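This report concerns only the one structure given below.
The values are calculated or read from the model by the stated rules, or taken from the named source; none is laboratory data. Please read these numbers as outputs of a predicted model, since none were measured by experiment. Positions of Cβ are generated from backbone atoms using ideal geometry, with glycine treated the same way; all protein chains shown enter the neighbour counts. SASA here: full protein model, heavy atoms, side chains in, ligands and nucleic acids out. Shrake-Rupley method; radii C 1.70, N 1.55, O 1.52, S 1.80 Å.
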Amino acid sequence: MSMFAPGANNPPRKYGLPATVAFCTCCGVSNQRPNSAVEFQHTADSEKKTINFDENGVCDACRTAARKAAEIDWDEREAKLVALCDRFRSRNGSYDCLVPGSGGKDSFYQSWVLKYKYGMNPLTVTWAPNIYTEWGRSNFDSWIHSGMDNYMMTASGRSKRLLTRLAVENIFHPFQPFIIGQKCFAPKMAIMFKIPLVFYGENEAEYGNPIEDNTDAQRSYDYFAASGDENMFLGGESVASLKENFGMTQADLSPYLPSDVAPLKELGAEVHYLGYYLKWHPQAAYYFAVENGGFKASPERTAGTYSKYNSIDDKIDDFHYYTTYIKFGIGRATYDASQEVRSGDLTRDEAVALIRRYDGEFPERWADEIFRYLSIDEKSFPKAHRMFEHPEMNRAYFEALSNKFRSPHLWQHDENGWSLRQRIDRL
Amino acid sequence: MVGRFVSALIVSDRGAQMKRSFRLIPRLDVKMEWLIKGVQMEGWRKVGDPAAYAAEYAVAGADELLFMDVVASLYERNSLHDILRNVASSVFIPMTVGGGIRTVEDVSDMLACGADKVAINTAATRNPDLITEVANRFGSQATVVSIEAVKHSGTWMAMTDNGRNHTGRDAVKWAKEAAEKGAGEIIITSVNQDGLGTGYDIELVKLITEQVRVPVVCGGGLGTTEHLRDLVMQTDASAASIAQALHWKKLQLDDLRSTLEDTGCFVRKLT
């Protein structure tokens, strides 16, 4: 336990995180925030690239936001969007673009402007959440019934549960199978329906991926396409091991495996960020979704934060942000508040107050349900269940697992329990 | 089922007919130094300078003003003092102030800054005896309990922090208890309807006015004069709190005053 002692000298670091913790002087995000990565290579040993801070301690997300506000000619960008739409718009009513989304405020806004403002014929596609919240499902229905055609893919709960459990066990990342499935899904639908134009919402650079990533309208194929299954990992477990040791078949795994690059190229698929063309403001997307489709905020704040309007459809989301708090010291309130500071909706002081109050709160509200979901019982998983030391997930085991993933350079332990060594509200 | 004020005329003890009194109360949600407004108590937008809006509404015929420091509990701080002092010297209609009131001393401070009434939510749900203490010290006319109600599965949950945190209380039962503890007025705001401009939650207001004898101020949802008419004609509410329709200039207080007149309510002359 000595490496977790308060005042420990040069405590070890996990995940290749920066040794010295810093908080962006503009928005408050921590320099420990990892960039989006190609998840197929994500294993227990992976090292993270983290958000870049400039010499004034300003993060790339803030610099992206400043560019959005000052440097970009949005009229010119919109003209480019119209030209793009003109290039792909169908004349016979067939679908001409694909909009992956959940029915949250952002996909709502995206699909609506494409259909009703730019005259496209979008097909919306949805990779179903692990476990829908009641209001998430209701917002999804509102979205579709407000005027969108939709295909929803609900991957087998059995494989999803196993992969999610492995992702918790191996890389403490319960949301990873969802992210992978979701990213792979749209290109497959594009191939199937022969729709070459795919629109995503915001570029990840808005949240701190390298600023250069935001200068391009198109998303790299690397996130969702590959040329083979070798060296592919899901939930931090190799595809070979998933088949050999966990009883999963190629069919079980295929929803999580990327498309071949060849058919995408053949189709001439282009994956664009709408956020490149239109000035994205999450709060405005919320207003838009409420106004045009009866979108409803959740009837309570999300665990670990103050917000009620973003990422509210999957019960596992609470745990996703709890695990980022454990691994990187960054909870949901930090993500939410720093975004709102960058958008001009909060001041940094307000963000600090919200982070102090809510960051890292244990997500009690659906914990029992999530633990049942993550439990690998013998009946459903006759082979896989033998691979776990503790097939049943419960609070005690989850906490023990949490401690395994804490990086000593972030966490200390004393008679009062665990606490972060550096906190934004104690500087 | 319509309320007992369907004709909006009350027969007084002496048998003379009196017009129903119904108050229009602009609600000013304040965050730091800004007047703000959200939708479903989320996604707050800056509207402007709260003092300027307060003065404008007072001149335009508001009967009272309601100031809510929406982040006092959320950020655990208070920031209404300055705004209140500023407004008190130029606005002469009654003012209710809420947000972050935790103790009898907080109430005393707010009254000293020029508030006429103080609205309590979080602290009262944690310690209902606070209502009694405040009422005993300052009178029940100054003691208001504010309830944020979220409708879920056919009932209404009483929430705090702008519909964010649960109190474990049922909003209707809580209204009754708060009145019994000494609250002189209840403000009931529907979080589901807030900011939408699609009408008040009439059903909720009816349930609450059936339970309590003190005046009930209804908030959350006014978008048209029809919504005010519905509230007056169908419930026993004593006042309407109005925010976005006025802030975003969709309606004028004049429009609402005419509606009240049409429904037979007493409307004071503006000087």
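Which aspartates and glutamates does B:LYS46 reach when only Cα atoms under 12 Å apart count, and residues fewer than 8 places away in its own chain are ignored?
Partners found: A:ASP345, B:ASP29, B:GLU33.
Could you work out the Rg to Rh ratio of region A:281-358, with Rh taken as the Kirkwood radius (inverse of the mean 1/r over all Cα pairs)?
Result for region A:281-358 is an Rg/Rh of 0.98.
Taking only Cα atoms and a 10 Å spring cutoff, compute GNM fluctuations for chain A and point out the largest among A:ALA284, A:ALA396, A:ALA367.
A:ALA396
Pop out the ³J(HN,Hα) list for region B:72-77 in order, Karplus 6.51 cos²θ - 1.76 cosθ + 1.60 with θ = phi - 60°, rounded to Hz; leave Gly and Pro as x.
4, 6, 4, 9, 6, 8
Does region B:132-271 come out rounded, prolate or oblate by the C-alpha gyration tensor, with a ≥ b ≥ c the root eigenvalues, rounded set by a/c under 1.5 and, if not, prolate when a/b is larger than b/c and oblate if not?
It is oblate, given that a/c is not under 1.5 and a/b is not larger than b/c.
Of all DSSP beta bridges in the protein assembly as shown, what percent run antiparallel (nearest 5)?
About 40 percent, rounded to the nearest 5.
Convert each backbone phi in region A:410-416 into a coupling constant with the Karplus relation 6.51 cos²θ - 1.76 cosθ + 1.60 (shift: θ = phi - 60°), then list the ³J(HN,Hα) values in order as whole Hz, x for Gly and Pro.
Couplings: 9, 10, 10, 9, 9, 5, 8 Hz.
With θ set to phi - 60° and the Karplus curve 6.51 cos²θ - 1.76 cosθ + 1.60, what are the ³J(HN,Hα) couplings of region A:306-321 in order, to the nearest whole Hz, using x for Gly and Pro?
My calculation for region A:306-321 gives 9, 7, 10, 10, 10, 6, 10, 9, 10, 5, 7, 4, 3, 6, 4, 6 Hz in order.
Under a Cβ-Cβ cut-off of 13 Å, what is the net charge of the residues other than A:LEU420 that fall near it, where Lys and Arg count +1 and Asp and Glu count -1?
+3
Using C-alpha positions alone, give me the convex hull volume of region B:199-271 per residue in cubic angstrom. Intermediate results must be reported in sequence, preceding the final value.
On the way: hull volume 6.7 nm³, N = 73.
Looking at region B:199-271, the number lands at 91 Å³ per residue.
Aspartates and glutamates within cross-link reach of B:LYS176: Cα-Cα under 13 Å, excluding same-chain residues under 8 positions apart?
Cα-Cα hits under 13 Å: B:GLU185, B:GLU210.
Out of every Cα pair in region A:314-427, what percent are spaced more than 17 Å from each other?
Of all Cα-Cα distances in region A:314-427, 63 percent exceed 17 Å.
Assign one of three labels to region B:129-177, namely rounded, prolate or oblate, based on the Cα gyration tensor with a ≥ b ≥ c the square roots of its eigenvalues; rounded applies when a/c is under 1.5, prolate when it is not and a/b is larger than b/c, and oblate otherwise.
Note, shape of region B:129-177 comes out prolate.
Taking H as built 1.01 Å from N, whose amide H comes closer than 5 Å to the amide H of A:VAL125, not counting residues under 5 places away?
A:VAL99, A:GLY101, A:TYR151
Please compute the modelled spin-label separation between B:GLN252 and B:LYS176, points set 7 Å along Cα→Cβ, answer in nm with one decimal.
In this crude label model, B:LYS176 to B:GLN252 measures out at 4.4 nm.
By how many nm would the segment from A:TRP418 to A:SER241 lengthen if fully extended, with 0.36 nm per residue of separation less the alpha-carbon distance?
60.3 nm
Per 10 Å bin from zero, what fraction in whole % of the C-alpha pairs of region A:361-418 is there, up to the bin with the longest pair?
The calculated distribution, bin by bin, is 19, 42, 29, 10, 1.
Evaluate the distance, in nm, between pseudo-label points positioned 7 Å from the Cα of B:LEU270 and of B:ARG213 along their respective Cα→Cβ axes.
3.7 nm
Based only on Cα atoms, what mean projected area does the convex hull of region B:15-138 have, in nm²?
Values: hull surface 38.7 nm².
Spelled out: convex hull of the Cα atoms, projected over all directions, averaged, 9.7 nm².
Compute the FRET efficiency between A:TYR221 and A:ARG137 as 1/(1 + (r/R0)^6), taking r as their Cβ-Cβ distance and R0 = 45 Å, and round to the nearest 0.05.
It comes out at approximately 0.90.
Listed highest first by mean packing, meaning other Cβ atoms within 10 Å per residue, what order do B:230-238, B:63-71, B:167-175 come in?
B:63-71, B:230-238, B:167-175
Going by amide H atoms built from the backbone, whose H comes under 5 Å of the H on A:GLY304, apart from near neighbours?
A:GLU361
How do B:THR271, B:THR225, B:THR122 stack up against each other in accessible area, from largest to smallest, with a 1.4 angstrom probe?
Accessible-area ranking of B:THR271, B:THR225, B:THR122, largest first: B:THR271, B:THR225, B:THR122.
Could you please report the charge total around A:ALA337, scoring K, R as +1 and D, E as -1 over all other residues with beta-carbon less than 11 angstrom from its beta-carbon?
Here the count lands on -1.
In whole angstrom, how far apart do the alpha carbon centroids of region B:190-250 and region B:23-97 sit?
18 Å
If you average 1/r over all unlike Cα pairs in the protein assembly as shown and invert the result, what Kirkwood radius do you get in angstrom?
On the way: mean 1/r = 0.0363 Å⁻¹.
Mean inverse Cα-Cα distance, inverted, gives 27.5 Å.
Quick one: P(r) of region A:40-124 from all Cα-Cα pairs, 5 Å bins, percents rounded to integers, in order of increasing distance.
Using 5 Å bins, I get a P(r) of 3, 11, 14, 13, 13, 15, 13, 11, 6, 2, 0 for region A:40-124.
Work out the mean other chain Cβ neighbour count within 10 Å for the residues of B:165-172 and drop it here as an integer.
Across B:165-172, the average partner-chain Cβ count within 10 Å equals 1.
If amide H atoms are built 1.01 Å from N in the plane of the peptide, which residues on other chains or at least 5 residues away come under 5 Å of the amide H of A:MET393?
A:SER375, A:ILE376
Just counting partner chain Cβ atoms within 10 Å, what average do the residues of peptide B:32-42 show around their Cβ?
4
What FRET efficiency comes out for A:ASN10 versus A:ALA69 if R0 is 41 angstrom and r is the Cβ-Cβ distance? Round to the nearest 0.05.
Working: r = 40 Å, r/R0 = 0.98.
Between A:ASN10 and A:ALA69 the formula returns 0.55.
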